[in-house]
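The values are calculated or read from the model by the stated rules, or taken from the named source; none is laboratory data. Computed from a predicted model, the values in this text were never measured in an experiment. Cβ sites come from the backbone with ideal geometry, for glycine too, and all protein chains shown count toward neighbours. In case anyone asks, the SASA skips ligands and DNA or RNA and just uses the protein heavy atoms, side chains included. Shrake-Rupley method; radii C 1.70, N 1.55, O 1.52, S 1.80 Å.
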Amino acid sequence: MSNPIKVSIIIPVYQVENYLERAVDSVLAQTLKEKEIILVDDGSEDNSPLLCDRYAREYPELIRVIHKENEGLGLARNTGVEAARGEYIAFLDSDDTVEPQMYEALYDKAIEGNYDLVMCDVKIIYVEEQRSTVVSTYPNEQIDLSDYLIRGNNITYSVNKLYKRRIWEENHYEKMLFEDISLIPALVTKYPNIGYVKQPFYNYFRRANTISTSLVGNMVDIIRAYRNFLTTSNPAYHQEVVYCAAKQLYWNMTQSRTLFQADFVELLQEFQKDFLLNPYLKEDKNTGRILEFLKKEVIPDNIICVHLRREIPAQYLEELHRDFPNSTLLEAVEKDFPAKSLPEKIQAALLAGKTDYVEEYYALKLLYEHGGIVLFPQMLASLNLKRLRLNRIFFGFEDEEQLSSGCFGAIKGHFFVQALLDSYQEDNIFNRAFLPLKDRIRDLLVLHFNLKVNGRNQLLANEVQVYLPSILCYDMQNGENCCKWAEIPVPDGFEVVSTKVLKLWSDRLLENWNLYKRELQANNKANGKKSAPPPKYEEAQIRGLFNRELEERIQEVIHNYESSTSWKLTKPIRALGRLFKHRGGIS
């Protein structure tokens, strides 16, 4: 008769051919003999499935393999649980390892106290930095759950815990990112009979560019994960749960995932009563700073797209689906706005075929009624656009003289959007000549907010944010672009840039170079260094020297930019500049 299985160790496997053997070997080396290993191949396309099958052949009494289509980490774990035969369940991520004593020590502890689950400490190994640190789960050897929620660590990890089998008969992972945060902390509050072995048995290898560290649109799942933690935990520990969540949210908002800060603000406001009345936050001045975010007004997570007589491009929709999966797309087509309900000038424009003019009015109307970000079909947004939701209202320069109307945003009912809408009812040059919205925005900002028409970043009256052309029109490949024009097809690695913007950027380079020279001269003077008197030249010589020096400086700046991580595509931009020089650019 075979020995009973004490622990089933479930290892989800996906694209980990370089790490899988190390993980499995660390389990094979366990001192606990009565175990089984379940490898769940989650549709891997590298050599991982072959490695899994090889282990199953070599250890047929110990290792089983399940091959399935790719559905994500959480559902792979669910599949392993359904197949498990052990008295207790454990999870190991396929790029981590465990110390040889881990499962025997946790199992013995579980039996000793008849615990529902047992935890251990975690050793975090920062691969790129070549360093490691041990994160203690709790200061004491006996777990007091209320105190653990306040002072403990490692609560969101699935992998440093051993669970009674019945826990997984009553619970399961959801298909999402951050499935651990969504389930495990709440689960801990439901099974408070917890054991603890104060040893760093689990080795967590932390790398850059993993699912949990890369910035992708689906990372907004973290909001749903914390909502689940707050709403599904044991009510007996509600105050402790709120404080525990607040600590993690504050770290995410200010350090780890600041790109999603607007989404976190909305979550805090959803549960503002719980956070404002929490006694632990009143005592903890540092974490208590999270309450300041409750006062912040953010732009709603709406994307407004008006397309009266044109379809939305497939690429536009693909970008939204990838980077803004939880955003609401507010579309408007001609049938959504009956002509007789429109201002007289808009009706006239519609009859005259001035579609762009009418679309811009529709977009303003939706923006005023709902709030959000207007994104016309000719624009492509990047994930960075999320940052702009932290403004109350924003616009961007198209070049040194013009503002863009392709992408802008505001909170619901903003007074400046109302002023723009009201201007359509007036007898003015904008309406008589059907002028584009960007002219209307520019002139009203100049009139009411003293906008300086210079293509530079400006915060007007601490209310209206206006951005550089590189933020909402053109991508300078510096990691700051939020939206760009997509109407003109270009080869991979190239960008479309107008001649005006090329001149603007060139002028800025020269301006910075002249500033550098002035500072250098001032430093030389302060240090007592004497500069040789300038030689005398004829005007033609001076012009030639200036042009030569300018070209040398530009080449030097270009070389420095090409060597930096922010300007990897400087060469294609310069190539475009030469093309524009011959063809006159894009007006």
In the stretch 122-135, residue most open to solvent (accessible area, probe 1.4 Å) [restricted to those that are β-branched (Val, Ile, Thr) and within 21 Å of ALA90 (Cα to Cα)]: VAL134
Residue selected from the stretch 98-121 under the condition surrounded by fewer than 24 Cβ atoms within 10 Å (Cβ to Cβ) and hydroxyl-bearing (Ser, Thr, Tyr), by the criterion farthest from ASN203 (Cα to Cα): TYR115
Qualifying residue in the stretch 420-435 (condition: at positive phi, open to solvent by less than 10 Å² (accessible area, probe 1.4 Å) and touching a helix residue (DSSP H, G or I) at 6+ places or on another chain (Cβ under 8 Å)): no
Single residue of ALA486, ALA461 found to be within 27 Å of the chain's Cα centre (by Cα), aliphatic (A, V, I, L, M) and open to solvent by 30 Å² or more (accessible area, probe 1.4 Å): ALA486
Residue among ILE304, ILE312, ILE346 that alone is β-branched (Val, Ile, Thr), open to solvent by less than 10 Å² (accessible area, probe 1.4 Å) and within 22 Å of CYS473 (Cα to Cα): ILE304
Breaking point among (1) part of a helix (DSSP H, G or I); (2) touching a strand residue (DSSP E or B) at 6+ places or on another chain (Cβ under 7 Å); (3) open to solvent by less than 10 Å² (accessible area, probe 1.4 Å), for VAL358: (2)
Those residues of the stretch 273-293 which are hydrophobic (A, V, I, L, M, F, W, C) and surrounded by 14 or more Cβ atoms within 10 Å (Cβ to Cβ), in sequence order: PHE275, LEU281, ILE290, LEU291, PHE293
Single match in TYR148, TYR138 (criterion: surrounded by 21 or more Cβ atoms within 10 Å (Cβ to Cβ) and aromatic (Phe, Trp, Tyr)): TYR148
Test: residue in the stretch 260-272 that is assigned to a helix (DSSP H, G or I), closer than 30 Å to ARG22 by Cβ and open to solvent by 10 Å² or more (accessible area, probe 1.4 Å): no
Residues located in the stretch 173-200, provided they are touching a strand residue (DSSP E or B) at 6+ places or on another chain (Cβ under 9 Å) and either open to solvent by 20 Å² or more (accessible area, probe 1.4 Å) or assigned to a loop (DSSP other than H, G, I, E, B) (or both): TYR191, ASN193, VAL197, LYS198, GLN199, PRO200
